[in-house]
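Everything below concerns the one structure shown next.
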Amino acid sequence: MTWFFSLTFTLSWLAWTPYVLSENGLGVWHVAFPAVGGTTQLLGVLPGAYLGPIGSALFVTWAVEGRQGLRVWRDRMTGLKVGRRWFLAVLVAVPAVLTLASAVLGGRAPALPSLAVLVAYLPGLVLQMVTTGLAEEPGWREFAMPRMQRRYGPVISTLVVGLLWGAWHLPLFLTEWGGPHVDTTRVLEFTGTTVAFSFVMTWLFNRSGESMPLVMLLHTSVNNFISVMWSSMFPSLSPEYAMHAFLAGSVVAALVVLVATRARLGLPAQPAPALVR
């Protein structure tokens, strides 16, 4: 685990350094990353994301467990261990929770998204799955959580992974990814959100039999809704309300799963040891 977390931070932060120093970040290096699909993040952020969580997970798995470990990793990444209703539930629940939280916090009723936005939603989700979802979740959830839970239990493991997941993003707040106005409050809000949302992610990971496609869908559904639909549904609200809604929804959902599972977060109870007669 020490090797995984150390490599994840080192490889990602080194790969992000040119982007942070460029005109898209601090402006120390007078080079601008070209936009692809209307954003510089595909060339500035994605390489470091792939080198970090997924790259480190694959390397450490191969170094420690060899080909057998990689085969287990592949099976978990491609396994559909739950029915279609789980995927449908995630697709419906994420927009519903974020819409409700935004409406309550902003005091605004949501507007009906335009047809163009509705058409773009599914392609955007697919793009998020092969970029953000594939880059991050094989490391944080597929690699880290099973190993952490066996030693520390679900709550402590989720807190650690959630904090490190948030801290991993820190250099990006110095770039266009973090937005034009970044202060300590926004960084703390983001980190609080990754911790709270991690409790929901852990519950879904455990409850679904460690189905990575489903976990990736939960993560990317949030990103996709905020990126594609949120501003169309709440045009009069500041974009900061999207993050406020994400934090509020994550905290409420985290409290629900903690109480409902008695802090087990969907982790099956260990069988009692057999008595020796």
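Of note:
- Cα shape, the range 1-147, gyration tensor, a/c 1.5 rule: oblate
- Cα-based Rg and Dmax for the range 89-148, where Dmax is the largest Cα-Cα distance (Å): 15.6, 44
- Charge-dipole axis of the range 1-138 as Lys and Arg at +1 and Asp and Glu at -1 on Cβ define it, positive-most pick from Gly37, Val72, Trp3: Val72
- Accessible area (Å², per residue) of the range 177-251, counting only protein heavy atoms and a probe of 1.4 Å: 37
- Long-range HN-HN contacts of Gly79 with modeled amide H, under 5 Å: Met212
- Positive-end extreme of charge dipole, the range 124-195 - chosen from Leu163, Gly124, Trp177 (charges on Cβ): Leu163
- Alpha-carbon centroids, the range 2-72 and the range 130-198: separation in whole Å: 14
- Dividing the summed -39500 (n - 2.57) terms of all DSSP H runs of n ≥ 4 by the residue count of the chain sets its mean residue ellipticity at 222 nm at -21000 deg cm²/dmol.
- The structure-derived value of P(r) over Cα pairs in 10 Å bins from 0, in percent appears in the list (i) 7, 32, 39, 20, 2; (ii) 6, 25, 31, 24, 12, 2, 0; (iii) 6, 27, 36, 23, 6, 1, 1, 0 under the label (iii).
- Three-way shape label, the range 71-226, alpha-carbon gyration tensor, a/c 1.5: oblate
- Rolling a 1.4 Å probe over the heavy atoms of the protein chains gives the range 1-121 an accessible area of 59 Å² per residue.
- The HN-Hα couplings worked out from phi for the range 24-39 by the Karplus form 6.51 cos²θ - 1.76 cosθ + 1.60 (θ = phi - 60°) are 7, x, 7, x, 6, 9, 7, 9, 10, 6, x, 7, 10, x, x, 9 Hz, whole numbers, x standing for Gly and Pro.
- Accessible-area composition of the range 152-260, carbon plus sulfur, in percent [1.4 Å probe]: 70
- For the range 224-241, 3J(HN,Hα) per residue [Karplus equation, 6.51 cos²θ - 1.76 cosθ + 1.60, θ = phi - 60°, Hz, x = Gly/Pro]: 5, 4, 5, 6, 9, 9, 4, 5, 6, 8, 10, x, 8, 9, 5, x, 4, 5
- Global geometry of the range 191-277, whether rounded, prolate or oblate, following the gyration tensor of its Cα atoms and the 1.5 cut on a/c: prolate
- Derived scalar couplings ³J(HN,Hα) [the range 170-178; Karplus, 6.51 cos²θ - 1.76 cosθ + 1.60; whole Hz; x for Gly, Pro]: 3, x, 5, 5, 8, 10, 4, 4, x
The values are calculated or read from the model by the stated rules, or taken from the named source; none is laboratory data. Given the structure is predicted, the values throughout are model-derived calculations rather than measurements. No Cβ is skipped: glycine too gets one built from the backbone with ideal geometry, and neighbour counts run over all protein chains shown. Areas reflect the complete protein model, heavy atoms only, side chains present, ligands, DNA and RNA absent. Shrake-Rupley method; radii C 1.70, N 1.55, O 1.52, S 1.80 Å.
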